[in-house]
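These notes are about the structure you will find just below.
Read-outs: derived from the displayed coordinates by stated rules, not from any lab. Every value quoted in this text rests on a predicted model; they were computed, and no experiment measured them. Here the Cβ is made from the backbone with ideal geometry for all residues, glycine too, and neighbour counts use every protein chain on show.
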Amino acid sequence: MDLPKADLLQMYKKMVTIREFEESLAEAVAGGTLPGFVHLGVGQEAVMVGVAAPLRPTDWISGTHREHGMMIARGADMGPMRAEIFGKATGYCKGKGGSMHLAVYEKCAPGCNGILGPNQTINNGIALALKRRGKGDIAVVLFGDGASHRGEFHEALNLASIWKLPAMAICVNNQYGISGCVDDVCAVEDISARAAGYGMPGLTVDGCDVMAVYEAVSETAKSIRAGKGPALLELKTSRWRGHFEGDPQSYRPPQEMEETRRRDPIARFAKQLLDQGMAKEAELQKLRDEAKRELQAAIEFTDKSGYPPEEEIYTDLVYAEGRSVR
Amino acid sequence: MRPVGIIANPASGKDIRRLVAFGSVFDNHEKVNIVRRVLLGLDSMGVQDVRIMPDFFGIGPRALDDLDLSLKVSYLDIPLEGTQEDSTRAAKALSDLGAACIVTLGGDGTNRAVAKACGEVPLLPISTGTNNVFPFMVEGTLAGIAAGVAALDSSSPRSFIDRAPRLEIRRGSELVDIALVDVVVSNPGFIASRAVWDVSTIHEIFLTRAEPGTIGFSSVGANVCALPANSGKGVHITIGDGGQKVKAPIAPGLIRWVSVASYRVFEPAEPIPVSYTPSVIALDGERELIVSKGDRLTIHLAPKGPRVVDIARALRQASELCLFLQPQA
């Protein structure tokens, strides 16, 4: 796992950028400028970046409604990202997908999915297409611990296994499915243990350690590209904010939140870089400043953008093109 | 009768070698079953007091569910982090309690964590890890019975307890860490997923034992210079060209040719400097230490490692003492 310094610093910057982006959305919700449901991945930056970094640009990746950060990790531009979440016409989906259905096809990211579970079966379709193309690309899907209790999870793993699809299923175990603690609703300690039931390797990784995630995803991708079939990874991480913005999280003990913040993946990675002499504090500060500037530009881009015109309300819809839906 | 401890590592047998090699998955439900069998074995030998390390999965409580036992089980009062520190803290607590024996469930890494703090309390290590050189592949019932034999208040000499050596990593006079089987020096980098499996990244290996029939990096030593566990000597191997290529099973299903530039047997009084820096040092199979350029670490073979119960000999001695025969009326 010899990564050049430039790559490591880029990973750090992306983690910081994701944190800034998500926290700016929290402020917008609190300030009343962003209506609707928004689910933030603050605290899960090591997952986003550690998963995206070792993948090829031609690999496909999809997630749930908490994966805005994954798009940024894939290299999506924060301007159209934010514009999309605010429903602006300059957004990646012309403001019609919003936070819950944000898709960036140019980055092979077919989207966040507001319904949790089905994206795993959709991912099998993508993986089948990639297998038929035969270029060695893989399909990666992220979902939460809550979704791993749904039928689609089991159906998708079974089908992926018997068809030996180039699919990587990644369970982002942030310990809570909405308000349900995983300890109360899950029969196994490690969701990755469920892989054995479908004849594929399963592995649990510290999802707050970006390099551990990077190494696991890199090795898993190598195995899948070699034609060895799908795999299940479980990345144990923490959700810093509520299930949605506005969720008071009364179901979480305060000391748990303290412990969660103690495992801050960004601070941890910064410490690793500094301790190993791979970066100096001034370099990291420069990257943090750059991230803030880029976010500011994205905010201004969004603010200047207009909403889609009324006459386009029925265009660009999957089932509406060329026919009346009224 | 003194208490018997059980330290079952819920994280053992699950690392990345399930992916990069062909390691078995040791599900925690199986660990629960093993602990059940250990408890039944202990109970059959009249052990009355068992102390179990708590963990977030609840191996202990799950093992006790619906189990009919005469012995009393309680949980060690230690703070839990979900890290290997839990095992070290549990070992310290059991040492302070004067436990007769600690049954461990894990691999080499788990036993290393326990050996840091178990003092003179003998270990009875059951293998539930990946590369298992230190622990025994043994049925839990027999392990429980053997632990019960070790716990008996007996005037007979304990000829079934051996002393294992350990490797000490020192910076000057400071003890930095220990290993029970191997110390592997590899390329600089991150701790990340901890395991070591890419032989092209390795520069040096230090071993307490090099027995044929073992897996992991001790197998490299075994195939150039066999050395039993209790020889009182260690092996230092330098990896590189110019010597022999050695076929070695370094992980389950992962058999590699390893280029051994040189090797030599060393004695306890002979500290050997880590010559490759910067680097990452793996202890008993897990990347643990990041070594900076110029950091002066030395490896020492220390004969006084943990005491270990030899299960077969313990059972044989118990049999010779007629402990398994019902007393005549």
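Report summary: the helix-based calculation at 222 nm, which adds -39500 (n - 2.57) for every DSSP H run with n ≥ 4 and divides by the residues of chain A, gives -13500 deg cm²/dmol.
Shielding by partners for B:51-59, please: the mean number of other protein chain Cβ atoms within 10 Å of each residue's Cβ.
Average per residue, whole number: 1.
3J(HN,Hα) along region A:211-225: 6, 5, 5, 4, 5, 5, 5, 4, 5, 5, 4, 4, 5, 5, 4 Hz, from the Karplus curve 6.51 cos²θ - 1.76 cosθ + 1.60 with θ = phi - 60°, whole Hz, x for Gly and Pro. For B:LYS116, the lysines whose Cα comes closer than 28 Å to its Cα, not counting residues fewer than 8 places off in the same chain, are A:LYS236, A:LYS271, B:LYS14, B:LYS31, B:LYS72, B:LYS92, B:LYS233, B:LYS293, B:LYS304.
Checking the a/c ratio against 1.5 first, then a/b against b/c, what shape does the Cα gyration tensor give for region B:118-169? Oblate, since a/c reaches 1.5 and b/c is not below a/b.
So if I take the centroid of the Cα atoms in region A:251-265 and the same for region A:1-51, what is the distance between those two points in Å? So the separation of the two Cα centres works out to 18 Å.
Put simply, when A:256-268, A:139-151 are sorted by average Cβ atoms within 10 angstrom per residue, most first, you get A:139-151, A:256-268. Volume of the convex hull of chain A (Cα atoms only), normalised per residue: 144 Å³. GNM on chain A, alpha-carbon springs under 10 angstrom: the most fluctuating residue among A:LEU274, A:LEU116, A:LEU40 is A:LEU274.
The value of relative contact order for region A:5-305, using C-alpha pairs under 8 Å at least six residues apart, is 23 percent. The mean number of partner chain beta-carbon atoms within 10 angstrom of a residue's beta-carbon across peptide A:200-210 is 4.
If packing is taken as the average count of other Cβ atoms within 10 Å, what order do A:241-253, B:211-223 fall into, highest mean first? List each step's numbers first, then the result.
On the way: A:241-253: 15.0, B:211-223: 22.4.
In decreasing order of mean packing, A:241-253, B:211-223 become B:211-223, A:241-253.
Sequentially through region B:52-63, phi angles give Karplus couplings (6.51, -1.76, 1.60; θ = phi - 60°) of 10, 5, x, 8, 5, 7, x, 4, x, x, 5, 5 Hz, Gly and Pro residues having no value and appearing as x.
Using only the Cα atoms of region A:189-284, what semi-axes does the equivalent ellipsoid have when each is the square root of 5 times a gyration tensor eigenvalue? Give whole Å, largest first.
Over the Cα atoms of region A:189-284, the semi-axes work out to 28, 24, 10 Å.
The calculated FRET efficiency for A:ASP316 paired with A:ARG132, based on their beta-carbon distance and R0 = 30 Å, is about 0.65. With each label modelled as a point 7 angstrom along the Cα→C-beta vector, the A:ILE162-A:GLU23 pair spans 4.9 nm.
Please report the antiparallel percentage of the DSSP beta bridges confined to region A:5-305, to the nearest 5.
Roughly 10 percent of the beta bridges in region A:5-305 run antiparallel, per DSSP.
As a length-normalised measure over Cα pairs under 8 Å and 6 or more apart, the relative contact order of region B:166-302 settles at 30 percent. Convex hull volume of the Cα atoms of chain B, normalised per residue: 132 Å³.
For region B:15-135, state the semi-axes of the equivalent ellipsoid (square roots of 5 times the eigenvalues of the alpha-carbon gyration tensor), sorted largest first and rounded to whole angstrom.
So the three semi-axes of region B:15-135 are 23, 18, 14 Å.
Direction-averaged projected area, Cα convex hull, region B:65-213: 12.3 nm², rounded to one decimal.
Against the empirical 2.2 N^0.38 Å (N residues), region A:7-58 has a Cα radius of gyration ratio of 1.33. Computed from Cα atoms alone, the Kirkwood hydrodynamic radius reported for region A:6-101 is 13.5 Å. Look at the dipole of the protein assembly as shown built from charges on Cβ: of B:CYS118, A:ALA226, B:ALA318, the Cα furthest out on the positive end belongs to A:ALA226. Between A:ILE85, A:GLN120, A:LEU34, whose Cα lies farthest towards the positive end of the dipole of region A:1-148 when Lys and Arg beta carbons carry +1 and Asp and Glu beta carbons carry -1, centred on the Cα centre? Most positive-ward Cα: A:GLN120. If you model region A:39-87 as an ellipsoid using its alpha carbon gyration tensor, with each semi-axis the square root of five times an eigenvalue, the axes come out at 18, 13, 9 Å, biggest first.
Which whole number gives the average, over all residues in B:5-16, of C-beta atoms from other chains lying within 10 Å of the residue C-beta? Mean partner shielding for this stretch: 2.
Among A:ARG293, B:ARG2, A:ARG82, rank each residue by its count of other Cβ atoms within 10 Å, from fewest to most, as a rough exposure measure. It would help to have the intermediate numbers written out before the result.
On the way: A:ARG293 10, B:ARG2 17, A:ARG82 28.
Sorted ascending by nearby Cβ count, the order is A:ARG293, B:ARG2, A:ARG82.
Distant-in-sequence amide contacts of A:GLY111, defined by a placed amide H-H separation under 5 Å and a gap of 5 or more residues or a different chain, comprise A:GLY63, A:VAL104. If both residues of a DSSP beta bridge must be in the protein assembly as shown, then about 55% of such bridges are antiparallel. Centre-to-centre, using Cα atoms only, region A:101-167 and region B:263-329 are separated by 46 Å. One equal scatterer on each Cα of region B:235-329, no solvent, Debye formula: the resulting log10 I(q)/I(0) at q = 0.11, 0.14, 0.24 Å⁻¹ is -0.58, -0.79, -1.33. Just so you know, the Cα atoms of region B:166-302 work out to an Rg and Dmax of 13.5, 40 Å. With the alpha-carbon atoms of the protein assembly as shown aligned to their principal axes, the span from lowest to highest coordinate is 97, 64, 46 Å, starting with the largest.
Take the Cα radius of gyration of region A:77-205 and divide it by 2.2 N^0.38 Å, N being the number of residues; the result is 1.15. Comparing mean-square fluctuations of A:ASN119, A:ASN174, A:ASN158 from a GNM of chain A with C-alpha springs under 10 Å, the top value falls on A:ASN158. Summing Cβ point charges (Lys, Arg +1; Asp, Glu -1) relative to the Cα centre of the protein assembly as shown gives a dipole of roughly 1420 debye. 3J(HN,Hα) along region A:295-305: 5, 4, 5, 5, 5, 5, 4, 5, 4, 7, 7 Hz, from the Karplus curve 6.51 cos²θ - 1.76 cosθ + 1.60 with θ = phi - 60°, whole Hz, x for Gly and Pro. Listed by chain and number, the lysines placed with their C-alpha closer than 24 angstrom to that of A:LYS131 are A:LYS107, A:LYS164, A:LYS222, A:LYS228; residues fewer than eight positions away on the same chain are left out.
Of the residues B:THR277, A:ILE72, A:LEU287, the one whose Cα sits farthest towards the positive end of the charge dipole of the protein assembly as shown is B:THR277 (charges of +1 on Lys and Arg Cβ, -1 on Asp and Glu Cβ, taken about the Cα centre). With the alpha-carbon atoms of region B:196-265 aligned to their principal axes, the span from lowest to highest coordinate is 30, 27, 17 Å, starting with the largest. For region B:302-319, the residues whose amide N sits under 18 Å from a probe point set 7 Å from the Cα of B:GLU270 along the beta carbon direction are B:302-304.
Computed on region B:1-107, with alpha-carbon pairs under 8 angstrom and 6+ residues apart, the relative contact order is 43 percent. Only helices enter this figure: runs of n ≥ 4 DSSP H residues, each worth -39500 (n - 2.57), summed and divided by the residues of chain B, yield -6500 deg cm²/dmol at 222 nm to the nearest 500.
Taking a ≥ b ≥ c as the square roots of the eigenvalues of the Cα gyration tensor of region B:154-213, is the shape rounded (a/c under 1.5), prolate (a/b larger than b/c) or oblate? Could you put the intermediate results ahead of the total?
Working: a/c = 2.87, a/b = 1.86, b/c = 1.54.
Judged from the Cα gyration tensor, region B:154-213 comes out prolate (a/c at least 1.5, a/b above b/c).
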